[in-house]
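Structure, as structure tokens:
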Amino acid sequence: MLLDIQNLQAQVEDKQILKGINLQVNPGEVHAIMGPNGSGKSTLSSVLAGREDYEVTEGSVQFDGEDLLEIDAEQRAQKGIFLAFQYPVEIPGVSNKLFMQTALNAIREARGQAALDMFDFDQLAMEKMKALQMSPVMLERSVNVGFSGGEKKRNDIFQMAMLEPKLCILDETDSGLDIDALRIVADGVNNLRSPERSFIVVTHYQRLLDYIKPDFVHVLYNGQIIKSGGFELAQELEEKGYDHLIQAHEEA
Amino acid sequence: MTQSTQYQEINDLLSKNKHYKEGFFTKTLVQTFDKGLNEDIVRAISAKKSEPQWMLDFRLKAFKHWQTMVEPHWAKADYTPIDYQDYSYYSAPECSSCNQACDKAMDGKDHSQPRMDPEVAKAFASLGVPIDDSNSANIAVDAIFDSVSVSTTKRDDLAKLGIIFCSFSEAVHDYPELVQQYIGTVVPYHDNFFAALNSAVASDGTFVYIPPGVRCPIDLSTYFRINEAKTGQFERTIVIADKGSYVSYLEGCSAPVRDSYQLHAAVVEVIVHEDAEVKYSTVQNWYPGDDDCQGGILNFVTKRGICEGKNAKLSWTQAETGSAITWKYPSCILKGDNSIGEFYSVALTNRRQQADTGTKMIHIGKNTRSTIISKGLSAGRSDNTYRGLVKILPSAEGARNFTQCDSMLIGDQCGAHTFPYIEVENPSAQIEHEATTSRIGEDQLFYCQQRGISEQDAISMIVNGFCKEVFKELPLEFAQEAEELLAISLEGSVG
Amino acid sequence: MTTLSKPMKKLSPVAQSAVDFYLAQAKALSARNDQPELVAFRQSVAERFAQQAFPSRRDEDWKYTPITGFLQTHYAVEGLAKIDEAAIKKLLPPFDVMHLVFIDGYFSERYSDDLSELPRGLSIEPVKDALDFSQGHCALMTHEQKIQDEPFGCLNSMLFDDGVLITLDPHCQVERPILCSFLQTQDGHANTIRNRVVLAHGAQLTLIQQHVSAQPELNAFDNVVSEIELAEHANLQQIVLQDLATQGAYFGLQMIDQAEKSVFNSVYVGLGAALSRHQNVLMMAAEHIESNQSSACLASGKQVMDTRTHTEHQAWWGVSRQLHKLVLDDQAVGVFNGMIKVHKGAQKTDGQMDNKNLLLSKTAQIDSKPQLEIYADDVKCSHGSASGQISEEQIFYLRARGINQTDARRLVTQAFLLEPLEAVSSPKTQAWLANKLTQKLNG
């Protein structure tokens, strides 16, 4: 098992947001986490990636047999967790190239691999950018500064392709994307799918799931997973909406 | 994570390199004047250097004027008034082998300089300053130890091109006409309190003259080292670029760890003639003092250049990381038509450091242009101030200025200030001034960490990104040094 | 803020004679007043004024504002006006206002609207009537020390005799704007005015102050200090129109205190006076405060126009916006000085200050000093200053669309100058102000 979440509870500024999450992800699986606004979807992504605003109060998370909650954000990244941000952050003055090279070499070092030199890095970056239909100029520009919403998301997927993580968490990557950008992002993700690599796709809408077919769909509501199923669950949500499901859950 | 814990962590991360690495002290035999300042001391300095009468007259005139002046305290820096009688105004290493002061200017003619104190040589070697003439570095160095220049390299190669690169004391002996022609023309002895003091007690410094049409093939550099305690350093530097010439001049500075303030009051005059260009770069890493900045250097510097002729260009680039107090405004007088002035500055303050720095761009000639890029980084309990003047005189038809002042605050105990003065007396001038304030965001740090980059690397990457526009103006090795200095100086960012 | 070089400084004979003159004026004023506490107060200010005197260009805050010309005329305080009915009529804007008229510095009951029929919660009183020292210090004056630190504030404290006191009770929202017209009718007269505006919790008001001269050739001196206090959730829209004859002088100092979640929106329009200086000192002392300070100044001839702000963010989540535009023609001198100070702990401050200047002639001049002083890290502060002449590209664009050169220049200048008025929420008021500016521009 790659990821094992047991009874995970977390709060931010004394407000309980996650109220006991259980989730198991095996290598190669794609899990979709769906839910209405405020259900705790983004909190779950952030807690897994190690954002320090969130305090875990209960439960455990094992990643690749290790206790994930014990280690810092950068160590989690080095072990293979990648978070595609809902709002990718701007870093003025730091070029995409320097940023990615620093990140890639930090991760390679953690994996016991030699650092890539400028030439190897450029070659690798060019390949990956081409696949995502990104212009090479993007490498020279400051990280996400002046990027459109679509460019930012694409840039995150490019980073994902470069860093070759074991577990990719896509936090509402579809938000703010038009249909063409969505397709490019989804293609990028699909190209990265492999028997070793798992995905957690966090989304409000089914739209993205039409392109990235999940193996499992979980519905998050009020800090808990209230229903799990296959792709058909996503379709059911699309037709009937969350209310129907929530009502059934609350009556039960 | 709360802000204070975040900064505590930044603090811890940055504390890894806890020492001012240039803080060692060289033990050598020195000749140091007794503390105190009076007319006799001024005469004694001049006598020590066997100066001609005109130089002594210049000193005495300045000293008389200085006595009528009051120490300025308008800068945004608090310091107790300096006791000028508590400093020594001359200190020079003696050579243990020959038991004679190393002051080269003594005979004024000896250019072979075989007599450097090995301890002094060792000091410069450990600072990474190539003072051995056999070095292959693409740079010529004038090394100044306390009050005197102890070595000037590559001068013979340069002499073949007609370039004069020597200590100021030598220039007074060997090129009196040139020195007399230019000294005090850009910074008059009565210009300000510290310039007057410098004019009276100038210890040594560097003299550079580039003849017409010559492009100086290597960088010229001066390295200043204050070693003795309670010794003031008052170097006087003159750089002259004659018509159509070019030179890139660099200076670096450091001082040992001391427990009392040390005084540094330099004057730099740059004269750029028609079609000539001077690039003047400084990496200032004077000892900032202990955690409360006790014992740090008080750095009061007057740097000014004039673009005398048409199409002249003067570019100041500075990375200021050291000193307890920095008071420094490298300026350009743009007199020649189409002349260009530039000021690129990174000033970093930490602990209780106080920096009040900026520039003056005085536009006189037609179509003169100036650019000011200032990046201030404040951390710890420091105060970092940009103070600048852009003045467009009625004659400066078509003048342009662009100013960008950015401040970054690291921690919530420091201050960042911007005090620009803009005076426009010609309507055809175009003046643009922008200033912003930012900090390293928690979200930026998390984003970097999520990509596997450690917090420390992320901070240094973001800080260097912030300063990039300035660093790209520095010569390559200097830029690297500046980047490293930033990382070191950010240690203990938050108290 | 001003801290003058210490007392007993050397004054020029012209400055000394002006100081002596105004001290004598204060004495004369006291001789006509029977409140012993007021006389004592005036005496203590006079002592300070004698020490502090007038600033010179050596004083940092007066480096760019020459007052030597002003000092040569001695403006007397005594005497009351011959009233010109026609001039009063002309004061009214083409929209409904509550009108208060001050003639040569004194409230005129006769020409003002009836104060006995005010909306509930609103009270208006002439300062002359409200001045009451019987309880010790006069409750009117809360910023006295800071006012006296400013040289013309000190002069104001020494010479003021009237003004307006406006108070709004909690939640009182006054729909009709209050217009205070300060009319000069006498040559060589000093009109010293002290106002105080207090809005209680949730109160709302639009206040328009205009300074005008009855004749175009009048040389008089308006010196006004306004204290403004906004309680929680209060909202004040303020407009100051300085449309005096071009001979005289105008000094306006406003001390503004804002409490939590209050809104202060102030627009200054400067047109007249040979020498004018309008200054806001704004304290944003509590959380979630909003402020907007703008100015539009049009100077020609030898006018000197100075507009300046000092804004202190002292608590979290303050938002301040500023846009100051000066258009300078002939030999006019424009001065802008702005300071945003963010105190330690005033996190999430969002402060923005813009100054833009247009020079229309070869001999016009602008001195600008936009400053930031910041002691908190999680803040967004910026300032910008740009000076230049009309963009030839813009002119060409208009000409290419068939507009002649003169009209094109006027249009572009007008568009430049009117931008700060966008902060005025009422379209009618905005149009009225725009009309004043355009008239001068075209005249």
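The values are calculated or read from the model by the stated rules, or taken from the named source; none is laboratory data. Owing to the predicted nature of the structure, the values given are computational and were not obtained by experimental measurement. Please note: Cβ atoms are built from the backbone with ideal geometry, for glycine as well, and neighbour counts cover all protein chains shown. Calculation scope for accessible area: heavy atoms of the full protein, side chains included, ligands and nucleic acids excluded. Shrake-Rupley method; radii C 1.70, N 1.55, O 1.52, S 1.80 Å.
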Roll a 1.4 Å probe over the protein chains and send me the accessible area per residue for chain A in Å². 44 Å²
Cβ-Cβ cut-off under 9 Å around B:P420, Lys and Arg +1, Asp and Glu -1: the net charge is +2
Relative contact order computed over chain C (Cα-Cα under 8 Å; 6+ residues apart), in percent: 10 percent
With label points built 7 Å along Cα→Cβ from the Cα atoms of C:S12 and C:H74, find their separation and express it in nm. 1.8 nm
Probe 1.4 Å - accessible area at C:V333, Å² to nearest ten: 30 Å²
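Quote the relative contact order of the range A:3-251 in percent (integer), defining contacts as alpha-carbon pairs under 8 Å separated by 6+ residues. Show your work: numbers first, answer last.
On the way: 435 pairs, mean separation 70.9, N = 249.
Rounded, it is 28 percent for the range A:3-251.
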Let's see if you can work this out: charge +1 on each Lys and Arg Cβ, -1 on each Asp and Glu Cβ, no other charges. What is the dipole magnitude of the protein assembly as shown about its Cα centre, in debye to the nearest 20? 3020 debye
Going highest first, how would you order A:111-123, A:234-246 by mean Cβ packing within 10 Å? A:234-246, A:111-123
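What whole-number value in cubic angstrom gives the convex hull volume per residue for the C-alpha atoms of chain C? Kindly include the intermediate steps, with their values, before the conclusion.
Details: hull volume 64.5 nm³, N = 443.
Considering the Cα atoms of chain C, their hull volume per residue is 146 Å³.
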So if I restrict to the alpha-carbon atoms in the range A:3-251, what is the Rg, and what is Dmax, the biggest pairwise distance, in Å? 18.0, 61
Percent relative contact order of the range C:155-300, based on C-alpha pairs within less than 8 angstrom and at least six residues apart? 20 percent
Whole percent per 20 Å bin, from 0 to the bin with the longest distance: what is P(r) over all C-alpha pairs of the protein assembly as shown? 10, 32, 33, 21, 3, 0
Using a cut-off of 12 Å between beta-carbons, work out the net charge of the residues near A:L18 (Lys and Arg +1, Asp and Glu -1, A:L18 not included). +1
Taking protein heavy atoms only, a 1.4 Å probe, and rounding to whole percent, the accessible area of the range C:37-113 owed to carbon and sulfur comes out at 51 percent
The rounded separation in angstrom of the Cα centers of the range A:138-163 and the range C:227-263 is 48 Å
Using protein chains only and a probe of 1.4 angstrom, how many square angstrom of C:T167 are accessible, to the nearest 10? 40 Å²
Need the full-extension length gain, C:D187 to C:D350, defined as separation in residues times 0.36 nm minus the C-alpha distance. One decimal, nm. 54.1 nm
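Treating only the Cβ of Lys, Arg, Asp and Glu as charged (+1, +1, -1, -1), what charge dipole size does chain C show about its Cα centre? Round to the nearest 20 debye.
Values: 40 positive and 52 negative charges, 280 e Å.
Using only the charged Cβ atoms, the result is roughly 1340 debye.
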Cα extents of the range C:391-443 per principal axis, largest first, Å, are 34, 22, 16
Cα convex hull of the range C:195-245 - mean projected area over all directions, nm²: 3.7 nm²
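Rounded to the nearest 100 Å², what is the sum over both chains of accessible area buried where B meets C, with a probe of 1.4 Å? Before the final figure, lay out the partial values.
Details: alone 18520 and 18590 Å², together 34370 Å².
So the buried area, both faces added, is about 2700 Å².
Mind putting a number on the dipole of the range C:391-443 about its Cα centre? Charges go on the C-beta only, +1 for Lys and Arg and -1 for Asp and Glu, and I need it in Debye to the nearest 20. Please report the intermediate quantities before stating the final value.
Details: 7 positive and 5 negative charges, 49 e Å.
That gives the range C:391-443 a dipole magnitude of about 240 debye.
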Quick one: go through the range A:206-222 and flag any residue whose amide nitrogen is under 19 Å from the point 7 Å out along the Cα-to-Cβ line of A:N26. A:213-218
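Hey, can you rank C:306-315, A:62-71, A:158-167, B:321-330 by average C-beta count inside 10 Å, highest first?
Numbers: C:306-315: 23.2, A:62-71: 14.7, A:158-167: 21.1, B:321-330: 26.2.
Ranked by mean Cβ neighbours within 10 Å, highest first: B:321-330, C:306-315, A:158-167, A:62-71.
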Rounded to the nearest 0.05, what FRET efficiency is calculated for B:Q67 and C:Q51 with R0 set to 22 Å and r the Cβ-Cβ distance? 0.15
Rolling a 1.4 angstrom probe over the protein heavy atoms, how many square angstrom per residue are accessible across the range B:337-414? 24 Å²
Can you pull the one-decimal nm distance between simple spin-label points at A:E58 and B:K122, each 7 Å off the Cα toward Cβ? 6.8 nm
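Would you compute, from DSSP H runs of 4+ residues alone, the mean residue ellipticity of the protein assembly as shown at 222 nm, taking -39500 (n - 2.57) per run and dividing by the full residue count, rounded to the nearest 500?
On the way: 30 runs with 324 residues, N = 1190.
Calculated from helices alone, the mean residue ellipticity at 222 nm is -8000 deg cm²/dmol.
Calculate the mean, over all residues of peptide A:91-103, of how many other protein chain Cβ atoms lie within 10 angstrom of the residue's Cβ. The partial results should precede the final answer.
Numbers: counts 12, 8, 11, 10, 3, 0, 0, 4, 8, 2, 0, 9, 9.
Averaged over the peptide's residues, the number is 6.
Report Rg/Rh for the range C:156-292, rounded to two decimals, where Rg is the Cα radius of gyration and Rh the Kirkwood radius.
For the range C:156-292, the value is 1.00.
Give me the inter-chain shielding for B:452-461: mean count of other chain Cβ atoms within 10 Å, whole number please.
Values: counts 21, 12, 7, 3, 0, 4, 6, 0, 1, 9.
The shielding value for this peptide is 6.
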Using only the alpha carbons of the range A:141-229, what is the convex hull's orientation-averaged projected area in square nanometres? 6.7 nm²
How large is the accessible surface of B:E71 in square angstrom, using a 1.4 angstrom probe and rounding to the nearest 10? 30 Å²
Given a 1.4 Å probe and every protein chain left where it sits, what share in percent of the accessible area of the range B:128-211 is carbon and sulfur? 48 percent
Lysine pairs in the range A:3-251 with alpha-carbon atoms under 21 Å apart, 8 or more places apart or on different chains: how many are there? 25
Expressed in nanometres to one decimal, the distance between label points 7 Å along Cα→Cβ at B:N138 and C:A431 is 7.0 nm
So for R0 = 45 Å, FRET eff. of C:D407-C:T142 from the Cβ-Cβ r, to 0.05, ends up at 0.35
Which lysines, on any chain, are close to C:K436 with Cα under 18 Å apart, when same-chain ones fewer than 8 places away are left out? C:K89, C:K90, C:K325, C:K428
Eligible lysines near B:K328 by straight Cα distance, threshold 20 Å, same-chain separation 8 or greater: B:K76, B:K279, B:K303, B:K360, B:K375, B:K391, C:K369
Test item: B:402-415 mean partner chain Cβ contacts at 10 Å: 3
